[in-house]
Amino acid sequence: MNASEIPDLISAIAERVYAKTGRDLTLSQKAILEQAIAGKRLKDIQVAGYADDTVQRVFCPQLWHLLSDVTGQKVGIRTLPLVIQSLLEQPMAVAVSSEIAEASAAPVPIAQAASEVPEDIPQAAPRKVRHNLPAPTCSGFVGRDAEISRLLELLSLQQGVQLICVDGLGGVGKTTLVLEVAYQCLRASCSPEAADQDLPRFEAIVFTSAKRQFLAPFGLVERVGRSQRTLQDILQQIASTLEEVDIAGKTLEDQVELIRHALSGRQTLLIVDNLETLEDTQSVLSFLYCELPPTVKAVLTTRQQSSFVPIRLSAMPEAEALQLISQEAAEKQIALAEAEAQQLYQRTGGVPVAIHYAIGQMVGSYSVAYVLNNLLNADSDVTRFCFETSVMLLRDRLAHRLLMVLTFFPSPVPQGVLIRIARVGSQSSSNHPESGPQCAEQAIAQLQELSLVMQTGDRHHMLPLTQEYAAAELAQQPDFEQRAREEWVAWCLELAETYGKQESWNWQNHNDVLQAEWQNIQPVIEWCMNQGRYEDLLQLWRCFDVHIHLQGDRPHCRRWWGVHLDWLDWLIQTARQRDMGVAAELIASRGWLLTSLGQSERLLEAEQLYLEAWQWRERQPLKLLLNLAINMAALQVRQGQTESARRWLAEALTLLQQKPLEQIEQKERLMQWSRIYYYQGVVAFHAAAYDSARIHFEQALDYAQQINWLRVVQRSQNWLADIALKQANLTAAKQILDEGLAIAQTSQDLYQIAFYQRSLAQVAYTEGDRSLAQQWGQKSLQNFKNLDLTAETQEIHAFLENCGSEFR
């Protein structure tokens, strides 16, 4: 037969099948016919998305049985051509068989129809769709548009996919999503005139659930009705819903055969909820995979990822979660402020069941503050509901230790770091059964399959709810925690030794590795403080000191400088009792942080610290004395004490000139010269001695360029542009600023970008272009705010007000 004739032949066969049975051939059946007519042997026939064994043992026999019923002849792979020829020679039936016609014309009792179709389903020309769907769990579904569209697409009869898995963390909304889609399909199935003709339609929808507990606002409650935990339970639920097959008293094999036969005659949606709590999971999976006829679409919900076609649910995105919070609060008549709603989202991490539970608790007269404070308790009903079942599967295994170690890290952490700490903490040797790299990969995969951890590239993290539960698990294993903490500190010290201990001129745009890990480093510092680990803290501080100071040039980083001030304060208090030389070194660092903050009370504290350290100058190395003298000069500049600043700069010059040069390295000496000339330039500029200031900044620039100290190069050039502006040399000022701004933007130096923008605003103002001045000023203002530079923010704000008033 010509291949081009096969589609027409299949269409003719389909017409006769429909005339006899009232049902269309499925895509799988058409694919089998196409291959069989083309002459393929049974063992070579395939259907996309299904195992060959399933096609040959299940799909093909069902099709032969269907064609046998239609033709009245025995149909098989060998007799198919003759039967098709005989079928096509028969006259086309005008209407469907009397059996089908009677079934479609039979009236449905009003009471029965009402019990089978929800009230909100259109009642015009209703079709009888048998179902046992539970009541919707929410009055209005929020979000998940992409997931709903994907599930509806997979449920379409045009899709060859038969088994679909919706997986995700406990409480993330898997069942709610599946029920929402099932009700959409039910509405479309019950009303032939439904507006949305693209929705999948079914003749039966069967819901089975192995769920044992539900989370209500008043706590965890056990399911009252019997859950379907075994294959026999599921088969009985199917039989009960279809109401036309009796499997009572039959053997399991007979039950399977009866249900398979009953389902083969109708398009059915089967939902198996909470797959992970089934008692005989393998039997159920075998039934779903091997015994379901192609007329059935099966949707499974589970906390464990599977090999079926997946739809993965994670926590709701912020916008959708806030919408859900707003809807729930409105329904429960709870007044939530915007800040409280935001806090609820942060506490729940966007997990829907936690949101429902929290707002339900508020209805029960609990205050918003009480609910928010207790929501993340490790023994709360929410955390137990979401995690208890999943974590029970992991205890005493590497995956469990990895989960507990992840609580050490507030931000995503590399997989290798997790494995290193978990293995050392478990005292595993090279011969340990979980010591190989493959075992580690499997353990990580287990955590991901249970949706307990999330992965971004090579890094892993967890939701706040998971973090609290895992922390409680960790608290039950103090020996493991102590060993793991030791390795955690060792990891941080190695990181510090590898990427720290650099001088400030070598840190061009900050160290990217430390920047990426900094949020994970801070808990190590805090834990060492709580444990009184002075030596470890001192070693970390020596490595990270420069990095900490450079954070002030990044957006919002000054806001967490308070953590480091606490760290330094703890170290200083301890060092004063052990070694005043070390204490003076620490004092100089703390004083510089306080000076950088720029607040008047902080400046006074910095001055007191510097003077205390200066009292011990006879015991200090040249480098520290130079830092103290120059830092004090910078502090006096901040306070407007120019004469005092000059004296301290003179002291620094004397130290450099009087001490033997071999006590200090060449690069260190060039750096100190650059700093001295820089602050001499600042002092001269504020005294309106612009020629002198220009000479000092040019000298500072020269020394900084010799050691490639880009931060001082950039800032000196900015001052030179300001001097050119003061001396009415606008062309030179604009040229310096344009070139400098381009470099600062390339290196993402927000601090210097803000100052260049401020200077460009002043240039535009001087040229009379008030509009451009406002544009540059607004950009500078926003960046100063992001950097938490209070004095500069106030200054540029005043400039903009003045600029705007003159413009008006």
How much length is gained on full extension from residue 342 to residue 44, taking 0.36 nm per residue of separation minus their Cα-Cα distance? 101.4 nm
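Using a 1.4 Å probe, what is the accessible area per residue for segment 619-690, in Å²?
Values: 3320 Å² over 72 residues.
For segment 619-690, the solvent-accessible area averages 46 Å² per residue.
Using 0.36 nm times the number of residues separating residue 5 and residue 65, minus their current alpha carbon distance, what extension gain do you get? Don't skip to the answer; put the middle values down first.
Numbers: separation 60, 0.36 × 60 = 21.60 nm, distance 2.43 nm.
The span from residue 5 to residue 65 would gain 19.2 nm if fully extended.
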Accessible surface of segment 582-675, 1.4 Å probe, proportion on carbon and sulfur as whole %: 46
Can you give the accessible area of residue 512, probe radius 1.4 Å, in Å² rounded to 10? 110
Of the listed links 20/74; 20/40; 174/211; 30/297, those spanning more than 20 angstrom between alpha carbons are 20/40
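Counting only protein heavy atoms and using a 1.4 Å probe, what share of the accessible area of segment 705-808 belongs to carbon plus sulfur, as a whole percent?
Working: 2390 of 5030 Å².
Carbon and sulfur together cover 47 percent of it.
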Positive end of the charge dipole of segment 592-650 (Lys, Arg +1 and Asp, Glu -1 on Cβ, about the Cα centre): tell me which of 621, 641, 608 has its Cα farthest that way. 621
Got a sec to turn the phi values of segment 695-700 into Karplus ³J(HN,Hα) couplings, 6.51 cos²θ - 1.76 cosθ + 1.60 with θ = phi - 60°, whole Hz, x for Gly and Pro? 5, 4, 5, 5, 5, 4
Could you check the spin-label model distance between residue 644 and residue 535? Points 7 Å from the Cα along Cα→Cβ, value in nm. 4.1
Apply the Karplus curve 6.51 cos²θ - 1.76 cosθ + 1.60, θ = phi - 60°, to the phi angles in segment 679-688 and return the couplings in whole Hz, x for Gly and Pro. 6, 4, x, 5, 4, 5, 5, 5, 8, 6
Relative packing of peptides 639-647, 177-185, 675-683 - highest average C-beta neighbours within 10 Å first: 675-683, 177-185, 639-647
Would you list, by chain and number, the lysines whose Cα falls below 21 Å from the Cα of residue 734, excluding same-chain residues fewer than 8 positions away? 726, 779
Solvent-accessible area of residue 131, probe 1.4 Å, all protein chains present, reported in Å² to the nearest ten, please. 30
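Assuming R0 = 56 Å, what is the FRET efficiency of residue 577 and residue 333, from their Cβ-Cβ distance, to the nearest 0.05?
On the way: r = 59 Å, r/R0 = 1.06.
Once rounded, the FRET efficiency stands at 0.40.
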Probe of 1.4 angstrom, ligands and nucleic acids ignored: what's the accessible area per residue over segment 296-370, in square angstrom? 44
Sorted by chain and number, the residues with a modelled amide H under 5 Å from that of residue 166, at a separation of 5 or more or across chains, are 300, 301, 302, 311
Per-residue ³J(HN,Hα) for segment 441-450, Karplus 6.51 cos²θ - 1.76 cosθ + 1.60, θ = phi - 60°, Hz, x for Gly and Pro: 4, 5, 5, 4, 4, 4, 5, 6, 4, 8
Under a 1.4 Å probe, counting only protein heavy atoms, residue 702 has an accessible area in Å², nearest 10, of 80
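Probe radius 1.4 Å, ligands and nucleic acids left out: which of 141, 207 has the largest accessible area, and how do the rest follow?
On the way: 141 60, 207 25 Å².
Sorted by accessible area, descending: 141, 207.
Ranked by accessible surface with a 1.4 Å probe, highest first, in what order do 730, 710 come?
Numbers: 730 45, 710 75 Å².
Descending accessible area places them as 710, 730.
What FRET efficiency, computed as 1/(1 + (r/R0)^6) with R0 = 22 Å and r the Cβ-Cβ distance, is obtained for residue 282 and residue 314, rounded to the nearest 0.05?
Numbers: r = 28 Å, r/R0 = 1.26.
Calculated transfer efficiency: 0.20.
The values are calculated or read from the model by the stated rules, or taken from the named source; none is laboratory data. None of these values were measured; they are calculated from a predicted model. Don't worry about glycine lacking a Cβ; one is built from the backbone with ideal geometry, like all the others, and counts go over all protein chains shown. The accessibility values were calculated without ligands, DNA or RNA, using every heavy atom of the protein model including side chains. Shrake-Rupley method; radii C 1.70, N 1.55, O 1.52, S 1.80 Å.
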